[in-house]
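Beneath this line is the structure, given in structure tokens, with notes to follow.
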């Protein structure tokens, strides 16, 4: 049954993403997995270190994956050379281990590179002699022997098990059983070594010993880590990257594109074997040798940097005679070869020459690349291209719909993949570049910068020469345009780098885009990865070893990345500091709302303006309080506005404007993702739904299969184990651990009992609302969905009734067709907008599959989970009387020195007045034994913040929130 589901899922996926460029043949690719990571977010911190550096932390490791600030000197070093860079780096680690969050005994030097006036140093984490996978400490050292930027990928844990219980052969056999292939070939030289592998579980890391292996399946390279404890596969990554294209007929290609004329150029790096010796032409296509007699030779497509193999049709070759003492001319043309063969060899040599001209330090591309016209059909039947690092292949080349082998930018793209893999490996990242979107984006920009044309694949389609594969000149933005498909998502990063090309010049961007790789920017999570690329592009552009004073092109770089929402506002996207319980104060007729942001980048210093947008009618109308000097206070920003009505559900959010670019980031969110807030001004909770099962009535309409709608404690179940992104969770923030849920109990054997197969209904008990002023039904929802048929959906609706259920009005519909949300959301239904407030009020919950929803062979076309919790009735009926009583009896004012409580006319107060901090701790307690009209509480020892004032007049206790600023 499981296999049947997976087949259905793959078919539907291919239908859904028929236009995605990296659609793969489901029969040939092994599943990728990584147990070492989870969803991580960027956390910005600029005050937690003594050097006042800006740090971009990863929420899982709690380490700064990139940081920069005023350069730090290394004790005992005033100059840096090749001879002392290792000792200098380890001394920096020793002196700053606490700041970096590492144990110096676990840090070992790996390598260093001097590039463009700065040293790039790479160190690794090592435990008991085993290198920790994915670990890395990156230092950037300026010419004054100062560290001006660093990055830490370090796994801190005491949960370490490095004692193997399973031998490598047994472990590898278990991996091959998980991914069985008859033509699986292991690379013995790269397999069997033990590593320390980090796994993120339940909010922390643990490390265990794991074997690394590499193998090929259908000429695709895979790297795996297999547990030496139990043989479980912990990581599997395909290391061969493919370029997906649509099926189109293509025109002839020449030097720049398929539309270029055929030109006769020297054949550089052509190897010729004469009398047992190898000779290679230079850039001019010439070579000299001593020869006494004429020699008959065979010339093939081969040189020091390229070796061509044609499996599709008879490979081109030249049979000729070299005449001693004469000028011999050998020419590849249509009489001895196919233009597709000549093109791939020529352009491979061309792009290698191009990179070696400005990066002479690394050896990653100094080898004989294999060029292959591949006869296999493992990528389907359409024209395709791929890179495995040391091999670039083209498949289905006789399909005239798209002549990829005749298009230089296709080969340049694949060569970019090879650089991403081999250079990263040479610099110490064994898996190459991991992030798919970044890998594709940098491959695209490699091709675009080679020809100084943003269009990748221009001229590759015969029917329409102007049709292209992708365009680096685009308006794709993060996260709005992320769909989870690497070629599509890559256009965000390639778009930023092409914008930089237009804002600067070609050679600047060629250098910056390439040398940014030296900082190894990469991460499974897109926001972390894009953030790293921004910082590393700035590092590559820097000319004085100090990022805090800007770089020669920092304004253009920030603007270009900002155009695609991956500038510094990416770090600020979840940087809002706002806790409504603390930061919203209602005093007399004024509402004060405070907020702050986690950090400001040095590149955006004093150029961020935050504003408040609020509404009394759910944004049918709205008011914005713009930034001003008056709103900027010591601890952030403070906005005040007058109450204009007696009660309201006030909705509000914050916007952030970057003054230097003019860009506005709307609905700034907190680290937990909250971006919109509701303040129940003038309301009290009058009824709390206890969700007693004997007071509710639940029904199902139709099929007896699938989940029930019920009151229960939800079981946590992650459907990703069976290939779904749906996930069930526990109940909301209250303490009763129960909610109204679709299928409370679930396990791996009967998981279908947790998802709806038919319409489900739940009816509340009767509520007596007669005499309520403006009652509101308040509740939270949680849902998670994945549709296998895009037209199939399951909705959650809430109906309300004023006549005990004889008639109903729809008050709420959750009709979001996006896949799995998995978060709680607050909702309100203003009852009087639909029905009258009576003593016969009730509401109904309905889970309703739409008309396209079906169940076939036990599988629903839409998997879904729903929960409703924290149900209550709020009303402003009694709030005004309490506030009036307080206003009549006591007034509270906060002055420079005191908090003053003034008694109203005829009011006495001879009991205790207490002041509590926001955590409920009593700060001050005073008594008014002389019954004075004004009682003063000194604020001399109070820090800025929100306090609760408790006034006890002997009859009742009245509390009031007080802001001390």
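The values are calculated or read from the model by the stated rules, or taken from the named source; none is laboratory data. Note that this is a predicted model, so its numbers are computed, not measured. Here the Cβ positions follow ideal geometry from the backbone for every residue, glycine too, while neighbour counts run over all protein chains shown.
Per-structure values
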| item | result |
| --- | --- |
| Residue in region 233-253 that is modelled with pLDDT of 80 or more and either part of a loop (DSSP other than H, G, I, E, B) or over 29 Å from residue 386 (Cβ atoms) (or both) present | no |
| Failed condition for residue 662, given (1) within 21 Å of the chain's Cα centre (by Cα); (2) over 30 Å from residue 685 (Cα atoms) | (1) |
| Residue check for residue 744: surrounded by fewer than 19 Cβ atoms within 10 Å (Cβ to Cβ), under 32 Å from the mean Cα position of the chain (by Cα), at pLDDT below 85 and more than 29 Å from residue 875 (Cα to Cα) | no |
| Of all residues making up region 170-211, the number that are without any contact (Cβ under 8 Å) to a residue 40 or more places away in the chain, within 16 Å of residue 33 (Cβ to Cβ) and in a strand (DSSP E or B) | 1 |
| Total residues in region 637-667, condition within 27 Å of residue 477 (Cβ to Cβ) and either part of a strand (DSSP E or B) or without any contact (Cβ under 8 Å) to a residue 24 or more places away in the chain (or both) | 15 |
| Residues being buried (at least 17 other Cβ atoms within 10 Å of the Cβ) and closer than 30 Å to residue 529 by Cα - total across region 578-595 | 2 |
| Segments classed as helices (runs of 4 or more DSSP H), wholly inside region 539-631, with at least 2 members that are under 30 Å from residue 481 (Cα atoms) | 554-562, 568-572 |
| Test result for residue 49, at pLDDT below 95 and in contact with a strand residue (DSSP E or B) (Cβ under 9 Å, 6 or more places away or on another chain) | yes |
| Where residue 665 falls short, out of the listed (1) surrounded by fewer than 17 Cβ atoms within 10 Å (Cβ to Cβ); (2) touching a helix residue (DSSP H, G or I) at 6+ places or on another chain (Cβ under 6 Å) | (1) |
| From 310, 300, 336, residue being surrounded by 14 or more Cβ atoms within 10 Å (Cβ to Cβ) and under 42 Å from the mean Cα position of the chain (by Cα) | 310 |
| The listed residue being over 30 Å from residue 120 (Cα atoms), within 27 Å of the chain's Cα centre (by Cα) and crowded, with 20+ Cβ neighbours inside 10 Å, out of 608, 538, 520 | 608 |
| Filter result (in contact with a helix residue (DSSP H, G or I) (Cβ under 7 Å, 6 or more places away or on another chain) and within 17 Å of residue 72 (Cα to Cα)) within region 535-549 | 539, 547, 548 |
| Candidate set from region 516-527 (those that are more than 21 Å from residue 425 (Cβ to Cβ) and assigned to a helix (DSSP H, G or I)); member that is modelled with the lowest pLDDT | 527 |
| Residue tally, condition over 13 Å from residue 845 (Cα atoms) and out of contact with any helix residue (DSSP H, G or I) (no Cβ under 7 Å at 6 or more places or on another chain), over region 770-793 | 14 |
| Yes/no for residue 375 being in contact (Cβ under 8 Å) with a residue 12 or more places away in the chain and in contact with a helix residue (DSSP H, G or I) (Cβ under 9 Å, 6 or more places away or on another chain) | no |
| Condition met for residue 92 (at pLDDT below 95 and either in a strand (DSSP E or B) or surrounded by 19 or more Cβ atoms within 10 Å (Cβ to Cβ) (or both)) | no |
| Unmet requirement for residue 69, which otherwise passes all of (1) surrounded by 15 or more Cβ atoms within 10 Å (Cβ to Cβ); (2) touching a helix residue (DSSP H, G or I) at 6+ places or on another chain (Cβ under 7 Å); (3) outside any strand (DSSP E or B) | (3) |
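Matching residues to (1) assigned by TED's automatic domain parsing to the domain that holds residue 59; (2) more than 23 Å from residue 192 (Cα to Cα); (3) touching a strand residue (DSSP E or B) at 6+ places or on another chain (Cβ under 7 Å); (4) touching a residue at least 40 places away in the same chain (Cβ under 8 Å):
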{"site": "92", "(1), (2), (3), (4)": "yes, yes, yes, yes"}
{"site": "100", "(1), (2), (3), (4)": "yes, yes, yes, yes"}
{"site": "104", "(1), (2), (3), (4)": "yes, yes, no, no"}
{"site": "119", "(1), (2), (3), (4)": "yes, yes, yes, no"}
{"site": "149", "(1), (2), (3), (4)": "yes, yes, yes, yes"}
